[in-house]
Amino acid sequence: MVENATNQPLVKPQEQLITPRLTIRPLQDTDASAFFGFYSDADTMKYMSRPAFTDMNQARRLVNERLQYCAQGNGVCWVLELTEGEVVVGSIDLFKIEAESKRAEIGYVLAKMVWGQGIMTEAMNAVIRHSFNQLQLNRLEADIDPENDASARLLKKCGFHLEGLLKQRWIVAGKVTDSEIYGLVAEDWSPPDS
């Protein structure tokens with residue numbers, strides 16, 4: 001379990017976050033079918049560090065791994081559920097949390113059916129606010145494929161800065177790819193106008 005200097009858990013039981021269009025809620029085992037929907041889509045998975053799923057059991061395993069990870073207090077795993085219709089359209093996670101350094105990595109995936117609607121920007125801003133204000137993190141990091149222009153635009157729009165390039169970091173389905181590393185520190189973040 002990740003703890004801060006006073007031996008208090010840094011990651012407490014997950015909270016639900018509400019935005020104008022989303023309920024950002026803790027991951028549940030019943031979310032596996034929604035995960036299979038977006039993790040099996042070749043376009044959605046094009047820049048991810050794993051190949052597209054071909055079997056529902058892969059989604060079940062991923063959800064179970066994340067639930068265990070979060071239950072141990074090592075991360076926070078949310079799903080993005082449209083308030084209207086209660087449809088799960090993505091996920092956003094904090095992981096590799098370093099309590100002493102008050103740092104975490106952030107990862108996300110969004111179903112193709114809602115691309116270009118500002119959904120992930122809305123979710124990211126809510127999670128960033130929660131990370132800096134409630135979890136008292138000081139730094140967030142993201143690792144993206146340099147060819148993923150949409151993800152780079154999202155991160156920049158949310159205040160992240162490109163900090164470096166890691167050459168040949170991933171091999172996915174035989175393809176070698178680099179990683180761009182983006183960072184955001186609390187003192188540099190300006191909350192969007194609400």
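Figures for the structure shown
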quantity: Selected residue (only one of Leu166, Leu140 is farther than 18 Å from Tyr69 by Cβ and in a strand (DSSP E or B)); calculated: Leu166
quantity: Of all residues making up region 92-112, the number that are in contact with a strand residue (DSSP E or B) (Cβ under 6 Å, 6 or more places away or on another chain) and among the hydroxyl-bearing types (Ser, Thr, Tyr); calculated: 1
quantity: From Arg139, Arg169, residue being in contact (Cβ under 8 Å) with a residue 12 or more places away in the chain, open to solvent by 90 Å² or more (accessible area, probe 1.4 Å), more than 23 Å from Ala111 (Cβ to Cβ) and not aromatic (Phe, Trp, Tyr); calculated: Arg169
quantity: Hey, Leu154 of a type in the set (A, V, I, L, M, F, W, C) and more than 17 Å from Arg50 (Cβ to Cβ) or not; calculated: yes
quantity: Search result, residues across region 146-166 that are in contact with a helix residue (DSSP H, G or I) (Cβ under 7 Å, 6 or more places away or on another chain) and either farther than 23 Å from Trp115 by Cα or open to solvent by less than 70 Å² (accessible area, probe 1.4 Å) (or both); calculated: Leu154, Cys158, Gly159
quantity: Subset tally (residues that are touching a Phe, Trp or Tyr at 6+ places or on another chain (Cβ under 7 Å) and within 17 Å of Tyr108 (Cβ to Cβ)) for region 172-188; calculated: 4
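The values are calculated or read from the model by the stated rules, or taken from the named source; none is laboratory data. Remember, predicted model here, so these are calculated numbers, not experimental data. Positions of Cβ are backbone-derived with ideal geometry, glycine not excepted, and every protein chain shown enters the neighbour counts. We work out accessible area using only protein heavy atoms, side chains counted, and drop any ligands, DNA or RNA first. Shrake-Rupley method; radii C 1.70, N 1.55, O 1.52, S 1.80 Å.
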